[in-house]
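Working notes, structure below.
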Amino acid sequence: MTALPAQSVPAPRRRPGPAPQRRLRPAPEPRAGRSTPRLAYATIAVGAVAVIVVAQLLLSIALAQGAYEIDAYQLRQAELAREEQKLAEDLDRLESPQYLAMNAEALGMVPNTDPVYLRLSDGAVLGEPTAASAGAGASGALVPNALIDGVPPVTAPQAGETPNGGAGGGTPAAGAGTQVAPPPVSDGLPTPATH
C-alpha cells in the first residue's frame, strides 16, 4: 500500500447522561391585525370564471352568426347560378341561326337562293346573278328550332307599345325620344352619321 503512516482519527466525545429530547411546540397564532385576504382571492377567482364564461358565450354567438351568413351566401350563390344558367340558355336560343333568320326576314331581308361567286385568281364571276325575291320556300327554315316557337321577332311591338310610335298613329312628336329611320339608299353605300 502506501508507505505513509496511518493517522488516527479521534472518536467523538459523548456527553455523559441522557440524550436531550426535542420538544415540539405549536406555531404561534397569526396576529388579528394581519389576516389573509381570502375574500379578495375568492372575488378574483369568481370574476375570472365569469369573464371566461362571457367570452365563450360571445364566441359561440359570433360563430353561429357566421354560420347563418355563410348559409345565406350559399343560397344566394345557388340562386345566381340558376339565373346564370337561365340567361345562358336564353342567349343560346337568341343566337341560333333560325332566330337570326326570322329576325332578318321580319326586317325585310330576303335569302338569296341563287348565289353568285367571284373567283379571285382571275376575277371570273361564277353563276348567273338574279334578284332575290320573297317567297314561301325562301322563308321556311331548313332545320326547325323548337326553342324559338312562339318567340316574337325583335321588330314585333312589345306589350304596351303602339305601332307608329304614338297612340294616335302617324309620326311621333319631335323630342319624344324616338329615332326616325334614315331614308333608304338608292345608289352606293350610305355614309354613316357621326355625332
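A few remarks follow.
- Which numbered condition G108 misses (of (1) part of a helix (DSSP H, G or I); (2) out of contact with any Ser or Thr (no Cβ under 8 Å at 6 or more places or on another chain)): (1)
- Criterion (modelled with pLDDT of 85 or more and acidic (D, E)) met by exactly one of D149, D122: D122
- Unmet requirement for E95, which otherwise passes all of (1) farther than 30 Å from G150 by Cα; (2) of a type outside the set (A, V, I, L, M, F, W, C); (3) open to solvent by 60 Å² or more (accessible area, probe 1.4 Å): (1)
The values are calculated or read from the model by the stated rules, or taken from the named source; none is laboratory data. This structure is a prediction, so every number in the text was calculated from the model and none was measured. Cβ coordinates were reconstructed from backbone atoms using ideal geometry, including for glycine residues, and neighbour counts include every protein chain displayed. Ligands, DNA and RNA are excluded from the accessible area calculation, which covers all protein heavy atoms including side chains. Shrake-Rupley method; radii C 1.70, N 1.55, O 1.52, S 1.80 Å.
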